[in-house]
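Trainee: What follows is a single structure, and I will ask about it in a moment.
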Amino acid sequence: MAVCIGVIAKENYPLYIRCAPNVENEVNFHFTVHTSLDVIEEKVASLGKSTSISTTDLREFYLGQLYPSEDYRIYGYVTNTKVKFVIVVEAANTQLRDNEVRSMFRRLHNAYTDVICNPFHVPGDKIKSKSFDSVASSMIVPERKKENPLVI
Amino acid sequence: MTIHLLHIYDRNGNSLFAKEWSRKKSSNLTKVEEQKLLFGMIHSIKSFVTKMSPKDGKEGFISYTTSRYKIHFYESPTGLKFILLTDIFVGNIRETMKKLYSSVYVEFVVRNPLCPLNEPIRSSLFETKLETFMTGLSFFEDSN
Amino acid sequence: MSKQTRAFDNKKLVGELFTLTYGALVSQLIKDYEKDEEVNKQLDKMGYNIGIRLVEDFMARSNMGKCQDFRETADVLAKMAFKMYLNITPTIANWSPANDEFSLMLDNNPLVEFVELPEDRSKLNYSNVLCGAVRGALEMLQLEVEAWFPRDSLKGDNVTELRIKFIRKLTDALPAGED
Amino acid sequence: MTVFSIYIINKAGGLIYQYDHQKSSVEMEKTFSYPLDLKLEAYSDQVSVVFGQRDGIQVGHVVLAVNGKQTNGRKLEDGNDVIETIANEKNYPISIKFGRPKLTSNQKIMMASMFHSLYAISVQLSPVHGSSGIQKLETDTFTLHCNQTATGVKFVVIAEPRQVGIDSLLHRLYLIYSDFALKNPFYSLEMPIRTEQFDSHVLSAIESTEKTGSAA
Amino acid sequence: MQEDATNVLFELLHDELISYVYSNDIDMKSKQISILESHGFRIGQSLAEQLTKDSSRFKDELEIMKFVCRDFWSAMYQKQVDNLRTNHQGVYVLQDNCFKLLKRISSGKQYLEFAPRFLAIPCGFVRGALANLGINSIVTAEVISMPAVKFQIMIQRV
């Protein structure tokens, strides 16, 4: 389960950010998400250059863990349309496997695609979709565990 | 064998299309009068057939033959009427008539957004396709 | 560059193309008309225009004759027409005692696959084009019907219900001066 | 194989002889509960089914009787309107007899005169010179054969589409006509033919055609 | 092989959208074309999102162009483009000798003046799909004799 999920437009402004309830420093998460953008950009750029290596891994949307931090693990995903998804997980949450994160991103990506296809949605606008929200919410930790105080 | 002419009418009896391939005798009527007479006759035959039929039928009128020519009739479920005049040696061409409806009329009139339904057909693509269809028939012979 | 073959599910894609084009149409109408009722009316009218052409294509493909009763009409609509063009098979339900009114239950309406209705559009019958299309198609087969959506999953109902009511059998008009 | 009926039409379009050989009548009586799921409409003085079918009752069938009372046009024999009676819930359960409409003698005269004009129009609309009128009219349920003599009398045979030997039957009818009508001193030309001799010869010609495919 | 019925429905809807836009007042033809084009753009955006979500990441512009002009195109119209050329300076020319949305309208010059309205949405499709994949472009279509169409894509570099 994630503590924060972010969707960033190709022009690098947030389309959607959702944090776990009872999170104290929500602003910090916004900051975390933004910081991760640079890492994403870097990763993608390096993939583009490495023409010699054409392993499927480099062609994947899922970028894996972006950078380590003491309290959190931050994962990134970028689509062909250059929309970025970021999932923040508590470092203490060790049960979460790579494959699960990958599938969370898949679900987010699918839900995002549906948002774009909604004729009432204006591309570039913040995501207001209820169904997207419910998909994202289902991946968020319902309540912060007491024994893991959030400090960034 | 010879194809004399083809008429297509909408369900209200408006002539949508008419083409002659081989015609040796005129009815001494104007085009419009003749179209009305032909449609009127077919309409009467349909009603005649319904009343005379000894059993419940589905298709109704199919064709009539005189000593010198034959009229083949097909009506689509939507009421379009296809009337083909040939010589008397052409047999039952029900399937051909259906095909004329489904692969020429539907394809090139119904699916051409610039062809209003229930108005005379002006598309030359339709005419070309019709010509190809007709001249491709085994009983078509350009005998003049 | 490595040769990448992307095999799309064509049928699905064309379905999506249709769904998205329909979305574009609705969004244009919403721009042009203030009231949802007006938009509904336009959608019905456009559906009618589509229906009167679509029915010819349907007849050409299916090689069907005219329906002899309303149960047959319901069956052909649900099991053939909706299946053929929208790739869904609605359930037929709620027959009236005189068998002249029934509903098509759309468990899965492709038109609304991606749609979330904005709150200020509560009176919009998003799928109204279907009403017009059914009405237009049946009118060409000389059946005058009324069609409407008593329930719509977009508006929070648990099912989308398209109701179709028989009004009367039409007869061929005669050209002036005949018979 | 079946011959359904014979019509002889004089040169003015008048029906001078008619015989129905196959008296096939389709009739169905059934008790209905309210509301009736068949759509009825009054058409040319008959109440017919315009939409809906069940238990053999089909579009085109007419109401012959309601609760045992025969219909007479749009009314029942007790004077009540057929459509109103059937629409009224109080009359249910209701027993209605449906059947294929049968031609009345008046209608047969009309049909003959209609065919007479159709014949003339088919000559006028011919795309080639020297054409006769309709000699054979095909439908999915019957085929009509017509032979017009040089004197303008039309012999019309209505038969099953696959019935053979019609030409010979038409020829035979012509012979019967000249032997038992024209040569009969009491028969006046153009007038209806009413002699038993004529009837019996027509009947045997038809029966022979049905059995052997030839009227001779 | 019979054409898929879903296509018919799409085409009828497409035609209905066009005739609706053209039935509306407006005197300026260019306005109607641009309304249609913008709908095509919006649809193209959505489709690009849909169609690329299961593919792998595009490496460069050429790969995107190939995707749009080949895969996307043939999926939409159930046929390959007949010719695809580029001058390697950002201009791509797509030649379709029998364009699906024109092939029942005319073979030749009849109704030629109506061709632009049937090409506005398809041009928008391409521009919208490319835009969503990060390539800004201008897409135009040229018809000399129906049903052949030449689409030209000019990539705009800022």
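Trainee: Does C:D120 qualify as being within 14 Å of another protein chain (Cβ to nearest Cβ) and modelled with pLDDT under 95?
Mentor: Yes: the conditions hold for C:D120.
Trainee: Is there a residue in the range D:42-58 that is of a type in the set (D, E, K, R) and either farther than 30 Å from D:P192 by Cα or part of a strand (DSSP E or B) (or both)?
Mentor: yes
Trainee: Counting just the residues of the range E:125-154 that are buried (at least 18 other Cβ atoms within 10 Å of the Cβ) and among the β-branched types (V, I, T), which one comes out farthest from B:L125 (Cα to Cα)?
Mentor: Within the range E:125-154, the match that is farthest from B:L125 (Cα to Cα) is E:I135.
Trainee: May I ask you to list the residues in the range D:133-152 that are touching a helix residue (DSSP H, G or I) at 6+ places or on another chain (Cβ under 7 Å), assigned to a loop (DSSP other than H, G, I, E, B) and either at pLDDT below 95 or surrounded by fewer than 21 Cβ atoms within 10 Å (Cβ to Cβ) (or both)?
Mentor: Matches in the range D:133-152: D:T149 only.
Trainee: Report, by residue number, each residue of the range C:48-81 that is without any contact (Cβ under 8 Å) to a residue 40 or more places away in the chain and among the aliphatic types (A, V, I, L, M).
Mentor: Listed by number, the residues that qualify are C:M59, C:A60, C:M64, C:V76, C:A78, C:M80.
Trainee: Restrict the check to the range B:92-106 and report whether at least one residue is farther than 24 Å from D:S126 by Cα, within 11 Å of another protein chain (Cβ to nearest Cβ) and touching a residue at least 60 places away in the same chain (Cβ under 8 Å).
Mentor: Yes - at least one qualifying residue is present in the range B:92-106.
Trainee: Given the conditions (1) touching a Lys or Arg at 6+ places or on another chain (Cβ under 7 Å); (2) farther than 24 Å from C:M59 by Cβ; (3) more than 13 Å from chain A (Cβ to nearest Cβ), and given that C:N99 satisfies all but one, which numbered condition is not satisfied?
Mentor: So the condition that C:N99 fails would be (2).
Trainee: Same structure, new question: Considering every residue within the range D:63-80, establish whether at least one is within 14 Å of chain C (Cβ to nearest Cβ), within 25 Å of B:S44 (Cα to Cα) and part of a strand (DSSP E or B).
Mentor: No - not one qualifying residue is present in the range D:63-80.
Trainee: Going residue by residue through the range E:58-65, is there one that turns out to be buried (at least 17 other Cβ atoms within 10 Å of the Cβ), within 27 Å of C:G47 (Cβ to Cβ), at the interface with another protein chain (Cβ under 7 Å from one of its Cβ atoms) and of a type outside the set (F, W, Y)?
Mentor: Checked the range E:58-65: no residue is buried (at least 17 other Cβ atoms within 10 Å of the Cβ), within 27 Å of C:G47 (Cβ to Cβ), at the interface with another protein chain (Cβ under 7 Å from one of its Cβ atoms) and of a type outside the set (F, W, Y).
Trainee: Somewhere in the range D:196-216, is a residue closer than 12 Å to D:Y19 by Cβ, among the aromatic types (F, W, Y), part of a strand (DSSP E or B) and modelled with pLDDT of 90 or more?
Mentor: Within the range D:196-216, none of the residues are closer than 12 Å to D:Y19 by Cβ, among the aromatic types (F, W, Y), part of a strand (DSSP E or B) and modelled with pLDDT of 90 or more.
Trainee: Regarding E:V68, is this residue among the hydrophobic types (A, V, I, L, M, F, W, C), in contact (Cβ under 8 Å) with a residue 24 or more places away in the chain and surrounded by fewer than 21 Cβ atoms within 10 Å (Cβ to Cβ)?
Mentor: Judged against the criteria, E:V68 is not a match.
Trainee: Working carefully through the options B:K70, B:K31, B:K24, B:K19, find the one that is within 8 Å of another protein chain (Cβ to nearest Cβ) and in contact with a strand residue (DSSP E or B) (Cβ under 9 Å, 6 or more places away or on another chain).
Mentor: Going through B:K70, B:K31, B:K24, B:K19 in turn, just one is within 8 Å of another protein chain (Cβ to nearest Cβ) and in contact with a strand residue (DSSP E or B) (Cβ under 9 Å, 6 or more places away or on another chain): B:K24.
Condition check ((1) among the small types (G, A, S); (2) farther than 15 Å from E:R42 by Cα; (3) more than 11 Å from chain B (Cβ to nearest Cβ)) across all residues:
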site: E:L101; (1), (2), (3): no, yes, no
site: E:R104; (1), (2), (3): no, yes, no
site: E:G108; (1), (2), (3): yes, yes, no
site: E:R117; (1), (2), (3): no, yes, no
site: E:I121; (1), (2), (3): no, no, yes
site: E:R127; (1), (2), (3): no, no, yes
site: E:L130; (1), (2), (3): no, no, yes
site: E:I144; (1), (2), (3): no, yes, yes
site: E:P147; (1), (2), (3): no, yes, no
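Trainee: Scanning for something within 14 Å of chain C (Cβ to nearest Cβ), assigned to a loop (DSSP other than H, G, I, E, B) and among the acidic types (D, E), does the range D:88-97 turn up at least one residue?
Mentor: no
Trainee: I've got another one for you. One residue is enough: does the range E:71-81 have a residue meeting the conditions in a strand (DSSP E or B) and polar (S, T, N, Q)?
Mentor: no
Trainee: Let me ask something additional. Residues in the range C:140-171 that are of a type outside the set (K, R), over 17 Å from C:Q68 (Cβ atoms) and either at pLDDT below 95 or not in a strand (DSSP E or B) (or both): how many?
Mentor: Going through the range C:140-171 one residue at a time, the tally reaches 7.
Trainee: Is it the case that some residue within the range D:110-124 is touching a His at 6+ places or on another chain (Cβ under 8 Å), surrounded by fewer than 20 Cβ atoms within 10 Å (Cβ to Cβ) and either more than 8 Å from every other protein chain (Cβ to nearest Cβ) or not polar (S, T, N, Q) (or both)?
Mentor: No, the conditions are met nowhere in the range D:110-124.
Trainee: So for the range A:98-114 (the condition being part of a loop (DSSP other than H, G, I, E, B) and over 13 Å from the mean Cα position of the chain (by Cα)), does at least one residue qualify?
Mentor: Looking through the range A:98-114, none of the residues is part of a loop (DSSP other than H, G, I, E, B) and over 13 Å from the mean Cα position of the chain (by Cα).
Trainee: If you check C:F82 against the conditions, is it surrounded by fewer than 22 Cβ atoms within 10 Å (Cβ to Cβ), within 30 Å of E:V21 (Cβ to Cβ) and either at pLDDT below 95 or not polar (S, T, N, Q) (or both)?
Mentor: yes
Trainee: Quick check, is B:H7 under 30 Å from D:S113 (Cβ atoms) and within 14 Å of chain C (Cβ to nearest Cβ)?
Mentor: The answer is yes for B:H7.
Trainee: Of all residues in the range D:63-94, which are in contact (Cβ under 8 Å) with a residue 24 or more places away in the chain and more than 20 Å from C:A98 (Cβ to Cβ)?
Mentor: Scanning the range D:63-94 gives D:L64, D:A65, D:G68, D:T71, D:G73, D:R74.
Trainee: Additional query: Say we look at the range A:52-67 and pick out the residues that are aliphatic (A, V, I, L, M) and modelled with pLDDT under 75; which of these is farthest from the chain's Cα centre (by Cα)?
Mentor: Checked the range A:52-67; the qualifying residue farthest from the chain's Cα centre (by Cα) is A:I53.
Trainee: Still on this structure: Only strands (runs of 3 or more DSSP E) wholly contained in the range B:9-117 count here; list those with 2 or more residues that are more than 19 Å from D:A120 (Cα to Cα).
Mentor: B:15-20, B:70-75, B:81-86
Trainee: Taking the criterion of being outside any helix (DSSP H, G or I) and assigned by the TED database to the domain that holds D:N10, would at least one residue in the range D:171-184 satisfy it?
Mentor: yes
Trainee: Considering only residues that are more than 8 Å from every other protein chain (Cβ to nearest Cβ) and either surrounded by 20 or more Cβ atoms within 10 Å (Cβ to Cβ) or under 16 Å from the mean Cα position of the chain (by Cα) (or both), which ones fall in the range B:107-118?
Mentor: Result: B:V109, B:C115, B:N118.
Trainee: For the range C:85-107, which residues satisfy the criterion of being surrounded by fewer than 15 Cβ atoms within 10 Å (Cβ to Cβ) and of a type outside the set (V, I, T)?
Mentor: Once the filter is applied, which keeps residues that are surrounded by fewer than 15 Cβ atoms within 10 Å (Cβ to Cβ) and of a type outside the set (V, I, T), the range C:85-107 yields C:A93, C:N94, C:P97, C:D107.
The values are calculated or read from the model by the stated rules, or taken from the named source; none is laboratory data. For clarity, every value in this text was computed on a predicted model and none was experimentally measured. Here the Cβ is made from the backbone with ideal geometry for all residues, glycine too, and neighbour counts use every protein chain on show.
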